[in-house]
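Each remark here refers to the structure printed beneath this line.
No value in this document is a laboratory result; all are computed from the given coordinates. In this text the structure is predicted, and so the values were computed from the model without any measurement. Backbone-built Cβ (ideal geometry, glycine too); neighbour counts: all protein chains shown.
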2 protein chains.
Amino acid sequence: MPDEQGHPEPAEMELGKVLSALADPLRRLVVRELAAGPDGEARTCSSFALPVSKATVTHHFRTLREAGLICQVDRGNSRKATLRRADIEQRFPGLLALLVAEGARGDSQA
Amino acid sequence: MPDEQGHPEPAEMELGKVLSALADPLRRLVVRELAAGPDGEARTCSSFALPVSKATVTHHFRTLREAGLICQVDRGNSRKATLRRADIEQRFPGLLALLVAEGARGDSQA
DNA sequence: GGCCAGGTATGATGCAAGTCGTACCTGGGA
DNA sequence: TCCCAGGTACGACTTGCATCATACCTGGCC
């Protein structure tokens, strides 16, 4: 499977899955960093330097992708992830702001 | 408030705990019903008719309380739960709207 | 007083989720 | 060409969570 499947459309996004995905601090960190960056920014999984193994990183990014929060595109050797900012904002307005606000506070662990 | 332990102040609410609490469809149902009702409405745990045992209901309400989403007050024989609407709205603006919007759609917890 | 309804506390259980190691695939560079 | 780096797939392990049954406490009511 080269690139896109498992990328739900905006209407197919489920709040339960989104909240479950965002319940993990590592995944929240990823989304927060993406949300804090410029729109459309594409980053590799490894660029986040998560304190877990490669297999676990893959697992977290899969969870985010299946929840509809990020979009992963194969780019030859690597794979770039982008935040589905417009889709999220349309479907769950204000959600990203909550995550960014978390980072603006004490932030803390992961 | 003589009773309250386990009721975090607004500033003490953690997004992680809130999202984890809201990741469960039963708990989301409770908050959604409370949010859809009038402000300050006090309901007993049993009034939600959750399809689980009493012990499980207690567990869910404890989770919601410790996340800071509801306030439970002993009222003699029973115990009334109220949504901490203002606190939630101040700390996580727009969050309740997302839950209510979920109910307005296809709904049905799963 | 005795009884019952609403909640809580305490295990115990089953399943989902996070984690890892290892093997594997792909593409770029030496 | 060989090798390495970035990711994925698979299997295994462990912890956490939702669930339950049971026992218990409290306050209202007959």
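Remark: the protein assembly as shown carries a charge dipole of roughly 380 debye about the Cα centre, counting +1 on each Lys and Arg Cβ and -1 on each Asp and Glu Cβ. Mean separation of Cα pairs under 8 Å and 6 or more residues apart, divided by the residue count, gives the stretch B:10-101 a relative contact order of 37 percent.
Of the cross-linked pairs A:Lys54/B:Lys17; A:Lys54/A:Lys80; A:Lys17/B:Lys17, which ones have a Cα-Cα span greater than 22 Å in the structure shown? Pairs exceeding the cut-off: A:Lys54/B:Lys17. Checking the a/c ratio against 1.5 first, then a/b against b/c, what shape does the Cα gyration tensor give for the stretch B:1-106? It is rounded, given that a/c, with a ≥ b ≥ c, falls under 1.5.
About the Cα centre, and with charges only on the beta carbon of Lys, Arg (+1) and Asp, Glu (-1), how big is the dipole of the stretch B:10-101? Nearest 20 debye, please.
Details: 14 positive and 10 negative charges, 57 e Å.
Here the stretch B:10-101 has a charge dipole of around 280 debye.
Taking a label point 7 Å from Cα toward Cβ, how far is A:Ala104 from its twins in the other copies, in nm, shortest first? Result for A:Ala104, in nm, nearest copy first: 2.5.
Each residue, A:Ala101 and B:Asp39, gets one label point 7 Å from its Cα in the Cβ direction; the gap between the two is 1.6 nm. Assign one of three labels to the protein assembly as shown, namely rounded, prolate or oblate, based on the Cα gyration tensor with a ≥ b ≥ c the square roots of its eigenvalues; rounded applies when a/c is under 1.5, prolate when it is not and a/b is larger than b/c, and oblate otherwise. Prolate shape, in that a/c is at least 1.5 and a/b is the bigger ratio. A crude spin-label estimate for the pair A:Thr58 and A:Ala11, with each label 7 Å from Cα along the Cβ direction, gives 3.4 nm.
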